[in-house]
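A.B. asks: What follows is a structure written as structure tokens; I'll ask about it next.
Quick note: the coordinates plus some simple rules give every number you see, no bench work behind them. Here the structure is a predicted model, which is why all the values come from computation and not from measurement. So basically every Cβ, Gly included, is an ideal-geometry build from the backbone, and we count neighbours across all protein chains shown.
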Amino acid sequence: MRRSSPLAAFVATGLTLIVPLPAVPAHASTGSGAYVPGSAGLGDPYFPQAGNGGYDVGHYTIRLRFTPKTRHLGATTTITATATENLSRFDLDFSGPKIGKVEVNGERASYARKGQELVVTPRHGLPSGKTFTVEVSYAGRPKAIKDRALGVTGWIDTKDGAVVLAEPDGARSWFPVNDNPRDKATYTFEISAPEGLTVLANGEPKNSGVAGPRGGYRTSTWEMRRPMASYLAMVAIGKFKVTQGVVDGMPNITAYDPSLAKEFKHLHGITAKAITWESKILGDYPFSSTGGVADRLGVYYALETQGRPVYDAGMADEPTIVHELAHQWFGDSVGLRSWKDIWLNEGFASYAEWLYQEQHGGPSAENTFAEHYKHKAGSAFWKLKTGDPGRNGMFDWNAIYVRGAMTVHALRRKIGDETFFTLLRTWTKENRHSTVTTQDLIALAERLSGQNLGDLFDAWLYKAAKPKL
Ligand code: ARG
Ligand code: ZN
């Protein structure tokens, strides 16, 4: 899904030119020209194979049946996409189980699997500007993706079910996908699991959530109606204690594995409290429901899955919940165009923790900043570049989480509280359900403050050294 926020046409000089965007991207020449293969990647410097060229996904419908006992998954994913070139063939990213068949516009298509690429050749070329559907059926045992630097992602088996956590590139483990954060889409999940188990996913349950049982399986349908990056798609299957409530007029649906009751009994209440506070500081909440899911995953992290974060055992503390929910604005609604800008997600989500402490009787953000600033010049703390940490450094605690938040605080010190808090709300409003770069943030901060901030951001983001104050 391609979206430009209507306010993106504001330019840094303060001119308010609203240029109507063409319905079809400029490089798409409808109907004319040769039919060519779509590219195998989108050129992300950290994940060059992730994402694919030549089309733009609008919607995914993921229908699957999972049997925890045998770990068997049977699935059909249907993708609605629009060609942006005349396509002779195109790729999807897919590392899931064995494919049974692929159809394009209801006709059998030929396909080949090469590494993470699923190359689909339809019977007829796909004209630029036209919408088409791809249906991929597959079955077998899905496998998590294990990466030395990034840990375990994708389809993760649990004792009584499975949970998906896919940042940055685990989505391909369970559905064929255009796996780049810039191609947001809406999602329908139709998940069938043995009766007695609970299914959760992003968004809201449809038709009160359950249908069946049929042959001992029950089907739950969930809908994410706002644009979502593929790494934020989530399902959770298993035994869960579910709590349904309302916060700020929308559903708050939380769930935890019964064995985590002691640790997570506060998840529901803290989620409601954090969402209410964050909506005041960051602007209107971008989705139509909230919540959280906690399970024993053994991955040692939480993830800001859209509308409903997932927490591993041991991640039940209030700052973590505030962090994952702050990502709903920073990372989920305001998404990344490129993974090297990951500090835009983690720096702002971590800074939300500092602000939450500051406004709830804890240390001031200035104090927290000063503590971290004590790290000596030349020490390992300053080793990576916050604005380009390298693929393996993208979740580096010091470079991305701590120095990312320090960068946000350095900006606050420079432009003052009034402009800073206006910036937080303007940034999330102008880029709602869109994607951004660091340059976009610098341009907005300069526009709102009237200051030249190039040197500040250069020192904090693009030098592997301790910045001067
Ligand atoms: N974005 C998550 C968080 O900080 C962390 C994800 C870590 N992912 C990973 N593959 N290790 O909330
Ligand atoms: Zn985070």
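A.B. asks: List every residue whose amide H lies under 5 Å from the amide H of VAL247, counting only residues 5 or more places away in sequence or on a different chain, with H placed 1.01 Å from N in the peptide plane.
C.D. replies: ASN252
A.B. asks: Assign one of three labels to segment 289-344, namely rounded, prolate or oblate, based on the Cα gyration tensor with a ≥ b ≥ c the square roots of its eigenvalues; rounded applies when a/c is under 1.5, prolate when it is not and a/b is larger than b/c, and oblate otherwise.
C.D. replies: Working: a/c = 2.09, a/b = 1.58, b/c = 1.32.
Here segment 289-344 falls in the prolate category.
A.B. asks: Let me know the shape class of segment 335-461, please: from the alpha-carbon gyration tensor, a ≥ b ≥ c as square roots of the eigenvalues, rounded when a/c is under 1.5, otherwise prolate if a/b is greater than b/c, or oblate. Numbers along the way, then the final one.
C.D. replies: Details: a/c = 1.44, a/b = 1.09, b/c = 1.32.
Verdict is rounded for segment 335-461.
A.B. asks: Something else: About the Cα centre of segment 336-414, how large is the charge dipole given +1 on each Lys and Arg Cβ and -1 on each Asp and Glu Cβ? Please answer in debye to the nearest 20. Walk me through the numbers on the way to the answer.
C.D. replies: Numbers: 11 positive and 8 negative charges, 75 e Å.
In debye, rounded to 20, segment 336-414 gives about 360.
A.B. asks: Assign one of three labels to segment 150-302, namely rounded, prolate or oblate, based on the Cα gyration tensor with a ≥ b ≥ c the square roots of its eigenvalues; rounded applies when a/c is under 1.5, prolate when it is not and a/b is larger than b/c, and oblate otherwise.
C.D. replies: On the way: a/c = 1.28, a/b = 1.10, b/c = 1.17.
Here segment 150-302 falls in the rounded category.
A.B. asks: Shifting gears a bit: Just flag the chymotrypsin sites (Phe, Trp or Tyr not before Pro) in segment 138-174 sitting in loop per DSSP whose Cβ has no more than 11 other Cβ atoms within 10 Å.
C.D. replies: none
A.B. asks: I've got another one for you. Using alpha carbon coordinates only, what is the Rg to Rh ratio of segment 93-181, with Rh defined as the Kirkwood radius? Mind showing how you got there, number by number?
C.D. replies: Details: Rg = 14.7 Å, Rh = 14.3 Å.
That ratio equals 1.03.
A.B. asks: I want the local charge near THR61. Using Cβ-Cβ distances under 15 Å, sum +1 for each Lys or Arg and -1 for each Asp or Glu among the other residues.
C.D. replies: Values: positive: ARG63, ARG65, LYS206, ARG225; negative: GLU103, GLU135, GLU190, GLU223.
Local net charge: 0.
A.B. asks: Still on this structure: Which whole-Hz ³J(HN,Hα) couplings does segment 248-254 yield from phi under the Karplus relation 6.51 cos²θ - 1.76 cosθ + 1.60, θ = phi - 60°, glycine and proline marked x?
C.D. replies: 6, x, 10, x, 10, 10, 10
A.B. asks: While we're on this one: Using a Debye calculation, one point per C-alpha and no hydration shell, please list log10 I(q)/I(0) for segment 255-320 at q = 0.17, 0.19, 0.28 Å⁻¹ in order.
C.D. replies: Result of the Debye calculation: -0.58, -0.71, -1.32.
A.B. asks: For segment 100-141, treating each Cα as an identical point scatterer without solvent, what Debye log10 I(q)/I(0) comes out at q = 0.15, 0.23, 0.35 1/Å?
C.D. replies: Treating every Cα as an identical point scatterer, log10 I(q)/I(0) equals -0.39, -0.83, -1.26.
A.B. asks: Mind jotting down the distance between the C-alpha centroids of segment 245-284 and segment 106-125, whole Å?
C.D. replies: Here the two parts' Cα centres lie 43 Å apart.
A.B. asks: Give me the dipole magnitude in Debye, nearest 20, for segment 255-320 about the Cα centre, with unit charges on the beta carbon: positive for Lys and Arg, negative for Asp and Glu.
C.D. replies: Details: 6 positive and 9 negative charges, 36 e Å.
My answer is approximately 180 debye.
A.B. asks: Oh, and also: Tell me the mean residue ellipticity at 222 nm calculated for the chain from its helices only (DSSP H runs of n ≥ 4, each -39500 (n - 2.57), averaged over every residue, nearest 500). Provide the component values of the computation, followed by the final result.
C.D. replies: Working: 9 runs with 101 residues, N = 469.
The per-residue figure over the chain is -6500 deg cm²/dmol.
A.B. asks: On to the next question. If you add up the charges near PRO142, with Lys and Arg at +1 and Asp and Glu at -1, over every other residue whose beta carbon is less than 9 angstrom from its beta carbon, what do you get?
C.D. replies: On the way: positive: ARG71, ARG141, LYS143; negative: ASP157.
Residues close to PRO142 contribute a combined charge of +2.
A.B. asks: Rg and Dmax of the chain, using alpha carbons, in Å: what are they?
C.D. replies: Considering the chain through its Cα atoms, Rg and Dmax are 22.2, 67 Å.
A.B. asks: Still on this structure, please answer the following. Can you tell me which aspartates and glutamates have their Cα less than 17 Å from the Cα of LYS414? Leave out same-chain residues fewer than eight positions away.
C.D. replies: GLU366, GLU446, ASP455, ASP458
A.B. asks: Something else now. Say the cut-off is 29 Å between C-alpha atoms; which of LYS143/LYS340; LYS273/LYS429; LYS280/LYS466; LYS184/LYS429; LYS239/LYS340; LYS265/LYS376 go over it? Write out the running numbers ahead of the final one.
C.D. replies: Numbers: LYS143/LYS340 26 Å; LYS273/LYS429 21 Å; LYS280/LYS466 33 Å; LYS184/LYS429 17 Å; LYS239/LYS340 37 Å; LYS265/LYS376 41 Å.
Exceeds cut-off: LYS280/LYS466; LYS239/LYS340; LYS265/LYS376.
A.B. asks: Right, here's the next one. Please give me the summed charge of the neighbours of LEU355: other residues whose Cβ is under 10 Å from its Cβ, Lys and Arg +1, Asp and Glu -1. Write down the numbers at each step before the final one.
C.D. replies: Values: positive: ARG412; negative: GLU278, GLU353, GLU358.
Around LEU355, the charge tally is -2.
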